[in-house]
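Notes to accompany the following structure.
Bear in mind these aren't lab numbers, they're just calculated from the coordinates by the rules spelled out. Please read all numbers here as calculations on a predicted model, not as lab measurements. With ideal geometry, Cβ positions are generated from the backbone for all residues, glycine too; neighbour counts draw on all protein chains shown.
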Amino acid sequence: MSASLAQECNEVKERYDTCFLKWYSEKYLRGNGKTDDNECAGLFKDYQKCLKVALKDRGIDKLLEEAREDTKENDAIHMQRK
Amino acid sequence: MVLTHTTNHSYAHPFPTVTLAFFLRYYSPQLNPFSSHVLSTDTISSHVDPATGRLHTTRIHLKKSRMPSAVIKLLPTSVTGGAGDKSTYVVETSTVDIREGWMKTESRNLNFTGVLSVTEQQHYSVTPPDQSPDTKPSLSPATSSNTYVSTTFSYRSSLGNRKVDKAVATSDDPNRSRFGGWISGWGAKRIQSSIESIASNKTDDQMVKSRDGMGMVLERLRSNGVVAVLRELRRREGNVFEQSG
């Protein structure tokens with residue numbers, strides 16, 4: 001079972017992962033996933049509540065923000081070239 | 001400068017199964033023995049666009065450093081933190097369009113970007129890459145028996161660039177501030193292209209392992225559905241847990 005980067009989130013992450021994979025294989029891949037993965041939404045919320053704290057503590061939220069800005073810059077460069 | 005490298009591959013599995021294997025590829029070393037370098041995997045967003053029906057997912061993987069040792073050796077310890085065994089955070093974004101039969105993914109490192117940024121882009125499709133979508137055979141994504149993937153790696157070293165130096169100058173670590181001077185004395189461009197080419201050469205080996213790993217996950221999914229695969233993993237990992245406890 002793949003771990004969460006925050007050990008305290010492992011349990012809720014596993015529950016979400018299992019829900020997602022079931023939804024993905026049984027609904028989305030069969031063309032029935034148009035609305036959203038509502039049956040996993042509650043689990044996802046719990047999981048994110050736990051994970052957000054860990055992302056902040058480790059400074060990953062800032063790294064993600066920087067990466068997004070960097071992508072925007074790169075996209076702008078590539079657009080100009082075309 | 002940016003160094004890029006593209007390769008094509010095909011899996012003898014239908015497109016939906018390949019996308020499932022993509023999401024499962026780091027799930028367990030029991031499922032994919034080539035995933036033992038992946039320390040953690042977390043989903044930070046996942047939603048279906050109601051207009052297009054596409055699934056957008058963002059995940060963060062923590063991997064044992066993929067920074068090649070040859071690159072580590074080029075750098076002073078003030079930059080590498082004294083070791084090459086640090087972990088790398090990788091952000092992976094993916095979009096799946098099950099109706100049109102394609103998946104696009106992009107993975108890039110979040111830390112060490114001052115030394116080297118590696119971006120891996122993959123395009124999975126029911127259509128071979130040399131065929132334009134207009135001429136595609138009238139096969140639905142679910143019945144087409146092959147899935148084609150085109151993988152492009154981009155390497156960009158920004159070592160010694162102004163933006164990075166600025167970041168270094170604001171760093172709390174006093175050792176790191178000396179680094180800006182070190183690099184300009186050496187000729188940043190030459191070191192940048194060395195790092196890019198060493199990293200590029202190293203990737204070929206990793207790509208084969210990554211492909212083999214996907215292949216093993218696919219074989220498991222061929223003989224069992226995902227729910228059975230997960231149940232089997234849980235049972236086995238449960239046993240391991242009981243033995244160690």
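Worth pointing out:
- When the listed pairs A:27/A:56; A:56/B:64; A:45/B:86; A:49/B:209; A:52/B:189 are checked against a 27 Å cut-off, the alpha-carbon distance exceeds it for A:27/A:56; A:45/B:86; A:49/B:209; A:52/B:189.
- 3J(HN,Hα) from dihedral phi, the stretch B:101-106, Karplus parametrisation 6.51/-1.76/1.60, rounded to Hz, x for glycine, proline: x, 8, 9, 10, 10, 9
- Pairs of Cα atoms farther than 19 Å apart, the stretch A:7-78, %: 55 percent
- For the peptide B:219-232, the mean number of other protein chain Cβ atoms found within 10 angstrom of a residue's Cβ is 2.
- Applying 0.36 nm per residue to the separation of residue B:236 and residue B:99 and subtracting their alpha-carbon distance, the gain on full extension is 45.8 nm.
- A simple rule links phi to the HN-Hα coupling: the Karplus curve 6.51 cos²θ - 1.76 cosθ + 1.60 with θ = phi - 60°, which for the stretch B:207-220 gives 5, 4, 5, 4, 5, 4, x, 4, x, 5, 5, 4, 4, 5 Hz, with x for Gly and Pro.
- Inter-chain neighbour count for A:27-33: the average number of beta-carbon atoms from partner chains within 10 Å of each residue's beta-carbon is 5.
- For residues of A:66-72, the mean tally of beta carbons on other chains within 10 Å: 3
- The label-point distance for residue B:30 and residue A:38, in a model that sets each label 7 Å from Cα toward Cβ, rounds to 3.4 nm.
- With both labels modelled 7 Å from their Cα along Cα-to-Cβ, the residue A:65 to residue A:3 distance reads 2.8 nm.
- An oblate overall shape is assigned to the stretch B:6-66, the ratio a/c of its alpha-carbon gyration tensor axes (a ≥ b ≥ c) being 1.5 or greater and a/b not exceeding b/c.
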